[in-house]
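The values are calculated or read from the model by the stated rules, or taken from the named source; none is laboratory data. Small disclaimer: the values here were computed from a predicted structure and weren't measured. Please note: Cβ atoms are built from the backbone with ideal geometry, for glycine as well, and neighbour counts cover all protein chains shown. When the accessible area is computed, the model is the full protein with side chains, heavy atoms only, and any ligands, DNA or RNA have been set aside. Shrake-Rupley method; radii C 1.70, N 1.55, O 1.52, S 1.80 Å.
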Amino acid sequence: PRNAYLLAGPPGVGKTFMSRVFAEKLGFPIKKFDMSGYSNKEAIEELVGFAPTWKDAEPGILTEFVFNNPKCVLLFDEIEKAHITVIRMFLQILEDGICEDKYNKRNISFSDTIIFFTTNAGRQLYRDARNENLTLLPGRVIIDALEKDKDSETKQPFFPPEILSRMSSHTILMLNHLKADAILELVEKD
């Protein structure tokens with residue numbers, strides 16, 4: 001893709017909002033995917049399409065949007081909530097900039113897309129860090145924290161090492177907790 005960003009940090013600090021403002025400033029269409037809706041293995045077909053041999057087959061929501069809007073912003077919100085099969089789909093997109101639409105049987109180019117992944121994983125970095133500037137953390141420290149953070153139910157890491165390796169070659173940012181003065185400043189600007 002043209003650019004990819006991994007925005008990590010506590011809930012409710014503006015990761016999703018930042019992505020939307022970014023798209024608005026560029027004048028690009030944006031498509032948000034709430035990744036909690038893709039928590040089962042079969043959810044990948046919804047993103048990349050069902051083969052035409054399936055009853056009620058249709059193109060993928062993701063691949064069709066990118067086909068129709070090659071210059072766009074894609075927001076994968078709370079990526080850690082997606083099924084591991086869905087997360088692994090991003091290997092091909094981040095590495096080669098393509099993804100096959102199974103319905104139309106064509107490769108879709110993601111080379112002009114800007115991708116935002118948001119995550120609340122990496123809690124050990126921000127849980128007790130109320131007065132620290134987390135934006136100064138190096139990407140490698142954030143990646144290490146994401147690698148160690150595990151799903152409390154499955155006890156499995158949220159991210160496989162290979163996806164973190166791909167993400168580490170892009171922009172990684174840990175956001176700070178919002179303090180009262182920052183919230184007041186935001187409200188006054190709006």
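Observations
- Mean residue ellipticity (222 nm) of the chain, computed from DSSP H runs ≥ 4 via -39,500 (n - 2.57), nearest 500: -10500 deg cm²/dmol
- Amide H contacts under 5 Å for residue 58, placed H, 5+ residues apart: 50
- Share of alpha-carbon pairs per 5 Å distance bin for the chain, given as whole %: 1, 8, 15, 20, 19, 16, 10, 7, 3, 1, 0, 0
- Carbon plus sulfur fraction of accessible area for the chain, probe 1.4 Å, in percent: 49
- The chain: antiparallel DSSP beta bridges as a percent of all, rounded to 5: 20
- Sites listed here are GluC sites (Glu not before Pro) in segment 24-107 whose DSSP assignment is loop and whose Cβ has at most 16 other Cβ atoms within 10 Å: 42.
- Partner lysines for residue 32 [C-alpha distance under 26 Å; skip if fewer than 8 residues away on the same chain]: 15, 41, 71, 81, 102, 105, 150, 189
- Loop-located trypsin sites (Lys or Arg not before Pro) in segment 77-122 (DSSP state other than H, G, I, E, B) with a sparse environment of at most 11 neighbouring Cβ atoms within 10 Å: 105.
- On Cα atoms only, tilt of 180-189 relative to the major axis of the chain in degrees: 60
- Nearest-ten-degree value, helix 84-96 long axis tilted from longest Cα axis of the chain: 80
- Given charges at beta-carbon only (K, R positive; D, E negative), |dipole| of segment 33-113 in Debye: 220
- Restriction of the chymotrypsin sites (Phe, Trp or Tyr not before Pro) in segment 1-77 to DSSP coil positions whose beta-carbon has at most 12 other beta-carbons within 10 angstrom yields 54.
- Heavy-atom accessible surface of the chain, averaged per residue, reaches 54 Å², computed with a 1.4 Å probe.
- Total formal charge among the other residues, if their Cβ is under 15 angstrom from that of residue 29, Lys/Arg +1 and Asp/Glu -1: +3
- Charge dipole magnitude, Cβ of K and R +1, D and E -1 - the chain, Cα centre, debye nearest 20: 200
- Degrees separating the helix 139-148 axis from the principal Cα axis of the chain, which is the longest one: 70
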